[in-house]
Structure formats: C-alpha cells, structure tokens
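The values are calculated or read from the model by the stated rules, or taken from the named source; none is laboratory data. From a predicted model like this one, the values you see are computed outputs, not experimental measurements. With ideal geometry, Cβ positions are generated from the backbone for all residues, glycine too; neighbour counts draw on all protein chains shown. Surface areas here come from the heavy atoms of the whole protein model, side chains and all, with no ligands, DNA or RNA. Shrake-Rupley method; radii C 1.70, N 1.55, O 1.52, S 1.80 Å.
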Amino acid sequence: MKSSPSIADALPDCAPIPGSALGPALNEQGYYVGRVEGNLYWVTDGTYQSAFLTTSDGVVLFDAPPAIGHNIQRAVDEIAAANGVSNEVTHLIYSHHHADHAGASSLFGRNVTRIGHEETQKLLLRDDDPARPAPEETFQDRRTLEIGGERIELAWHGCNHSPDNIFIHLPDHDALMLVDVVNPGWAPVYQSNLTEDIPGYITAPATALTYPWKHFIGGHMGRLGTRADIATHRQYMADIADRSRKALDTVDPAPYFVEHGANTWAAVRGYLDAVTAAAAAPVIEKYTGVLAAADVFTASTTFWVMESIRLDLGYGSQVHP
C-alpha cells in the first residue's frame, strides 16, 4: 500500500533562509528579550515584536501582540528583577489598531493608560473588541510624551499600512518603531503586509529615514532592523513598482479576452495573473538569498503594488475613444 504523503512532502520547496534574517534564539518559554539601548527593551517570539521602557514611574509598553501574550509580562518581570526596577505596566502605546499587534492589551488591566492615534480610538470603538480597549489619550498629528523622565515622540504621517499606523521615535534611545512596513531581513507577507494604502506604504520608509536612529523595531520577525534594512526594502519595493509598470506596458490583454469569451472575469484574472508573473519573476530572482521568503511572497506583493499603480495612480488607464 502506498504511504500517505508527509507534511514535508506537501509543502512547496522554498529557498533557504539567509542567516542574516534570523534573530537570537528563544528561551524555553518561547520568547527572547534584549536591550535595544539604555532602558529600552524589545521582546519577540520570532514572528512578532513588542517593546518596553522601564522608567521611574513604571513600564511603558509599545504594542501587545497576542502571539507573545503573557510572555510580554514575563519579559518585563525578567528585566525588572535584573535591574531592580518596577515591573508594573502603567502605559500602553498602540502603533495601530490591528488585533495581531494589540490583541493582548486587555491582559494589562483597566488601570493602564492607553495612548494612540485618534483614528485608532475610532476604529477600536467601532470594532468593540474587549481584548483591545480603545485608547483614552489620543493625538492627531504629533505628540511628545514625558513619562518617568523619558521622552517619547509620536507622529502620524498619513495612511500607510493602515489609516492609523504611527511612527514612535525614542530619540534618547536612538530607536524608531514603525510596525508592519519593513520586516528586517524578510520580504513583506501577503500584499505588502496586508497594507491598505500602497502609496503611503511605499513612502513610509523614506519618512522613517528622516528621523535620527540606529535601532529599528518593525513589529515582526526575530531581529531588530538597521538603516541598511530600510534601504534594501525601499529598493525591493522600487524594483517591484518598476517591473509592474513594464509588465503593464508589455503584456497584451487581448488573448485572454479571446480565450474566455463572455467570461470577462476569467479573462481579467488571466491577464492580471500574467502581468503579475512577468513583473515578479525578475524581482524574485534578484532578492532570493537577500530577503528571506522573497520567493514565497513577492508575487502577492507585486499584484497589490501593480493594482495600486493601476487604480491609485492611473497608470495604463485608457479612455475609450
């Protein structure tokens, strides 16, 4: 009797992960916590990231991903015990409203002061998720916080990954946190990290580089980022956009509409899939071995960028004569 295929047999072949994409090993409880600079720390489960500041008034937490969950407090406890400081989380700053980065917020109770963009408040009130209490304190464009002698600069530079995604700058710790835009060492996942606004997403890294910082907290994967990681991501996205324009210029839609006749959506799918494949192929070849999972997710991101070029920027639109 033929044996059933193993899970390994069912998985597609993927390019090896570059060693430079990997972060430090996790402990037995499934997390790693390390110093960013001074009294700023970060914690990761290898896929998600959170960060926290220990201050004279307690702990300021940046995001609460449910994938890390109770390990966030364990990481805080570990650092607090080692340094003889308070382990009480007094403030929680939301980078944005998405549940995968905020869904463990309720673990820290009702007495925590939650801070976020005004749109984050609106969206969390709309979503009515008890795991993500809406922030009591909000801001519109910029806000500087002084908590326990520490300075935290919050800014909204327009829509990018989501309508409310903010820049969190810690100038005294040489660090910037910008979630779900750049995954250091890795390609974005589906459709540019499931981004809602591609033009804003593409310009956000350039905005990030206008800040002075050495350490980048991107919200995902197992290591911190560098300015070089931002530069690589920007070039990757620029290559995708360039190849998408070339594919839109050269792939002929007519054969797909002839083939599928009255089934217009089948023709559209065939054409857009062909444009995506033509645009993605050279980018995959260039970045395999440079960005982990470039072979896995570049086609998806290329489709989303190409659609933004068509629909947001109007590239290739033709007015019927």
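Computed from backbone phi, the HN-Hα couplings of the range 164-180 come to 10, 5, 10, 9, 10, 10, 10, x, 7, 10, 6, 9, 10, 10, 9, 8, 6 Hz, rounded to whole numbers (Karplus: 6.51 cos²θ - 1.76 cosθ + 1.60, θ = phi - 60°; Gly and Pro given as x). DSSP finds beta bridges in the chain, and of those with both partners inside it, around 65 percent are antiparallel. For the residues Pro253, Pro163, Pro205, a GNM of the chain with alpha-carbon springs under 10 Å puts the largest fluctuation on Pro253. Evaluated with a Cβ-only charge set (Lys, Arg +1; Asp, Glu -1), the chain carries a dipole of roughly 420 debye about its Cα centre, given to the nearest 20. Of all DSSP beta bridges confined to the range 147-270, the antiparallel ones make up roughly 75%. Largest GNM mean-square fluctuation among Thr120, Thr264, Thr138, using the chain with Cα springs under 10 Å: Thr264. Return the carbon/sulfur percentage of the accessible area of the range 121-191, one whole number, probe 1.4 Å, all protein chains in place. So the carbon and sulfur contribution to the accessible surface is 46 percent.
With only the Cα atoms considered, the range 167-251 has a convex hull volume of 91 Å³ per residue. A 1.4 Å probe run over the protein chains yields, for the chain, 47 Å² of accessible area per residue, whole-number rounding.
Along its first, second and third principal axes, ordered by size, the range 59-134 spans 40, 21, 18 Å in Cα coordinates. Working from label points 7 Å from Cα in the Cα-to-Cβ sense, the Glu37 to His320 distance is 5.8 nm. In order along the range 133-142, phi translates into HN-Hα couplings of x, 5, x, 7, 10, 9, 8, 9, 10, 9 Hz, rounded to whole numbers, per the Karplus curve 6.51 cos²θ - 1.76 cosθ + 1.60 with θ = phi - 60° and x for Gly and Pro.
Specify the longest stretch of the chain that does not include any exposed loop site, a site being one of the GluC sites (Glu not before Pro) with a non-H, G, I, E, B DSSP assignment and at most 16 other Cβ atoms within 10 Å.
No qualifying site falls inside 197-321, the longest such stretch.
For the pair Ser20 and Lys122, label points projected 7 Å from Cα toward Cβ lie 4.1 nm apart.
Residues in the range 307-321 carry Karplus couplings, in order, of 5, 5, 4, 5, 8, 7, 9, x, 5, x, 5, 10, 8, 4, x Hz; the curve used is 6.51 cos²θ - 1.76 cosθ + 1.60 with θ = phi - 60°, and Gly or Pro positions show x. Scanning residues 5 or more positions from Ile93 or on other chains, those with amide H under 5 Å from its amide H are Leu61, Phe62, Asp63, Ile115, with H placed 1.01 Å from N in the peptide plane. Quotient of the Cα radius of gyration of the chain and 2.2 N^0.38 Å, N being its number of residues: 1.10.
The heavy atoms of Lys246 present about 100 square angstrom of accessible area, all protein chains included, probe 1.4 Å.
The range 204-321 has equivalent-ellipsoid semi-axes of 34, 16, 11 Å, by the square roots of 5 times the alpha carbon gyration tensor eigenvalues, sorted largest first.
The range 88-171: which trypsin sites (Lys or Arg not before Pro) are DSSP loop and have at most 16 other beta-carbon atoms within 10 angstrom? Those satisfying the criteria are Arg110.
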